[in-house]
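The values are calculated or read from the model by the stated rules, or taken from the named source; none is laboratory data. What you see is a predicted model; the values in this text were computed from it and never measured. Surface accessibility is based on the protein's heavy atoms, side chains included, excluding ligands, DNA and RNA. Shrake-Rupley method; radii C 1.70, N 1.55, O 1.52, S 1.80 Å.
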Amino acid sequence: MLSAASAEVVRVTLPVVRDHAVQITSEFYPAMFAAHPELLDLFNQGNQASGRQRVALASAVVAFAEHLLAPDAGSFDAIAERIAHKHVSLGIRAEQYPVVGRHLMAAVGKVLGDAVTPEVAAAWDEVYWLLACRLIAAEARLYQRGGIDSATVWRRWRVAKRQDEAVDAVSFTLVPDDGGEVPDFAPGQYVSVAVDLPDGHRQPRQYSLSQGPGCGSLRISVRRVRGVDGAPDGAVSNHLHDHVRTDDTLLVGPPAGENALDPGTGPVLLVSAGIGITPMAAMLDHIARSQPTRRVVVVHADRSPERHPLRAEIRRIAAGLTDVDQFTWYEEGDGGRRGLVDVDAIPLTEDTTAYLCGPVPFMHRVRAGLLRRGLPADRVHYEVFGPGMLDGRVG
Ligand SMILES: Cc1cc2nc3c(=O)[nH]c(=O)nc-3n(C[C@H](O)[C@H](O)[C@H](O)COP(=O)(O)OP(=O)(O)OC[C@H]3O[C@@H](n4cnc5c(N)ncnc54)[C@H](O)[C@@H]3O)c2cc1C
Ligand code: HEM
């Protein structure tokens, strides 16, 4: 809880902070990287270029301040969970929080100028540290639960198999190269993978595990991201496609992610588009091996059958389930329904739990359709393949 004095200051200054939040975080990142160049290799520079990480950080801090002022207006849990899982996948440590706090508060001062009196600075510092403590605690719990030492999260894994899955999509099956064990994980979770790029920088990206747990390996499936309208090609996906072969090694962080399959027995709806199929493949694989009689509806949308990753595998796994329906939509080509997913055509029962993954506009549309058809929002889970979430907030 904020102290009473700080609460009043935060209440009065929140509108101006909210209006300038992205300006503040835009000031914050370059200054922090200038003082700590080693952090350039920890932060996704694609998200820096697109500005998505700036927006995500700004929205998280503003949402938390709003939550402190009106705790009954809504929970902050989902946001904290999302950030904590992302941090754990990257090995963020408690001792790094003062660095972020110092540069964030300096950016507040720089953007808001004289408006930042010592009282205002102290009140927002309190907000920062309440949020930091909450995240540090959540991350400590995740590290402990996973038996992970936050100082050594990155481990070397060997590519045991590389397999083309579709046009511009390739899978890498990874086994530990350090004699350690394959960690357990929940279907739907992801890992961070870090590669050393030709420019000398190391860059991490997250990749959902595309096979269920218990296989003695981890598998990721990666879509090659091509630059459009003069933008550069995706750094890490292209590096993985062009340079990583069988027997090469990769640095991989621990499995993390809050959008994991509900271990219950109720009906499950898996809706994906494009490379968003990866967490669905893990969930389906897991259900087929551990609950083959569970009701599952599998929906996938893609540009064409040739671009549909893991298509044959999903069909094979689905054939092992006793109560499954599969629907496919292609914008072009045969072998499925034509056009975009028609949410009204998806069989739905009121106890269904839905998992969505794909481009943000696609998930917006499908989620809205499912809510309209009566599914409660807390049973429509979704994974954004980037920072932030569907309603503009984070978490
Ligand atoms: C939880 C999670 C799970 C994910 N799971 C998967 C998965 O299973 N499979 C998968 O393939 N992906 C997955 N992703 C996405 C993945 O992490 C990467 O974002 C993706 O591979 C692109 O990374 P990249 O390095 O190739 O592209 P980046 O280099 O990060 O570029 C991303 C975009 O930004 C543009 N860009 C980059 N730099 C600039 C610049 N200077 N100016 C203008 N534009 C620029 C690029 O053109 C490109 O469009 C997941 C993401 C998350 C968060
Ligand atoms: C209170 C403090 C902090 C807040 C509010 C915060 C918030 C966030 C948010 C909102 C995201 C995006 C989550 C998503 O993917 O949706 C994120 C990602 C990230 N955070 Fe933090 N964070 C904090 C502290 C830190 C610290 C101390 C570090 C370590 C230097 C750090 C490093 C990162 C990195 C590397 C990412 C991934 C960035 C990317 O992929 O672009 N964060 N954080």
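Observations on the model:
- Looking at the chain, the DSSP beta bridges with both ends there are about 55 percent antiparallel.
- Extension gain (nm, one decimal) between Thr349 and Ala121, 0.36 nm per residue minus Cα-Cα: 76.9 nm
- Here the chain has 53 percent of its accessible surface on carbon and sulfur atoms, given a 1.4 Å probe and all protein chains in place.
- Axis angle, to the nearest 10 degrees, between helix 52-69 and the longest C-alpha principal axis of the chain: 60 degrees.
- Cα long-axis angle, helix 77-90 against the chain (0 to 90 degrees, to the nearest 10): 80 degrees
- Under the criterion of Cα pairs below 8 Å and six or more residues apart, the relative contact order for region 153-252 equals 35 percent.
- Solvent-accessible ranking of Cys215, Cys133, Cys357, largest area first, probe 1.4 Å: Cys133, Cys215, Cys357
- Exposure ranking of Thr246, Thr278 by accessible area [1.4 Å probe, largest first]: Thr246, Thr278
- Heavy-atom accessible area with a 1.4 Å probe sorts Lys110, Lys86, largest first, into Lys110, Lys86.
- Angle in degrees between helix 277-290 and the longest Cα principal axis of the chain, rounded to the nearest 10: 60 degrees
- Distance between region 80-103 and region 133-169 - C-alpha centres, whole angstrom: 15 Å
- Heavy-atom accessible surface of Tyr355, to the nearest 10 Å², is about 10 Å², with a 1.4 Å probe and all protein chains retained.
- Cα gyration tensor, the chain - rounded (a/c under 1.5), prolate or oblate: prolate
- As a length-normalised measure over Cα pairs under 8 Å and 6 or more apart, the relative contact order of the chain settles at 16 percent.
- For region 91-238, pairs of C-alpha atoms spaced more than 27 angstrom apart make up 44 percent of the total.
- Residue-averaged 222 nm ellipticity for the chain, from DSSP H runs of 4+ at -39500 (n - 2.57), nearest 500: -13500 deg cm²/dmol
- As computed over region 1-100, the Cα convex hull volume per residue (Å³): 122 Å³
- Per residue, the chain exposes 45 Å² of solvent-accessible protein surface, assessed with a 1.4 angstrom probe and all protein chains in place.
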